[in-house]
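The values are calculated or read from the model by the stated rules, or taken from the named source; none is laboratory data. The shown structure was predicted, so the numbers you read here are calculated from the model rather than taken from an experiment. Every residue, glycine as well, gets a Cβ built from its backbone with ideal geometry; the counts of neighbours run over all protein chains shown.
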Amino acid sequence: MSEADSLTIGTVLVSHELMCLVQYHGHLCPELGIGYRVSKIAMAELGITRENSLNFIAGAANSTSAVDAIQYMTGCTIGKQSFFIEDTGKHVYFFAGKPLHPVNGRGLIIKMKTPVYNPQLLNYEMTKDVQAQLQDPAKLLQYRAAIDVAIRKILNWPDKRLFDVFYANLNGGILKPTEKWYN
Ligand SMILES: [Zn+2]
């Protein structure tokens, strides 16, 4: 990304593509960044585009802002019945061609490796009444700065540092906590 087409949100440098996603979602947050990175990996790996998205299914094991990113980026959406959520609060995602191969059920799994962003840790000074404290402009800036650090890591760290990416057989259940690839 050259300086000329770089845009910033807070202290974070974003691409034009990411800026469009932020406009759709309403703000830039760590989970949106995670969904953006996950989408980019899946799109490159499986050749998913918004145009050919009817040939794919996708899913997430959480219902955070990441699922907005994945639906917007890949075109696999709840409305097209090609996006599924089973919310167990994990950053685990899957993508596969539709229909699933009857024998090998080959699907791409993307699991977040590192808890780059931990809301509990981030709020360590704000154990009580976070919203009230955020009325204090100094506290708000501090909070926003901590979030920006997390977002920059999510947007800039190499894929391998952030995610485990592998193929697994999705036949017999997707997003099931008992599946080996899930935990
Ligand atoms: Zn968000």
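For the stretch 4-38: of the residues being of a type in the set (D, E) and more than 10 Å from the ligand (Cβ to nearest atom), which is modelled with the highest pLDDT?
Selected residue: E17.
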Answer with yes or no whether N62 is touching a Gly at 6+ places or on another chain (Cβ under 7 Å) and either in a loop (DSSP other than H, G, I, E, B) or buried (at least 16 other Cβ atoms within 10 Å of the Cβ) (or both).
-> yes
Just one listed residue, out of L46, L54, is surrounded by fewer than 21 Cβ atoms within 10 Å (Cβ to Cβ), more than 15 Å from the ligand (Cβ to nearest atom) and touching a residue at least 60 places away in the same chain (Cβ under 8 Å), and it is L46
Just give me the residues in the stretch 61-84 being free of Cβ contacts under 8 Å to residues at least 40 places away in the same chain and either more than 15 Å from the ligand (Cβ to nearest atom) or touching a Leu at 6+ places or on another chain (Cβ under 6 Å) (or both), in sequence order.
-> T74, G75, C76, T77, I78, G79, K80, Q81, S82, F83
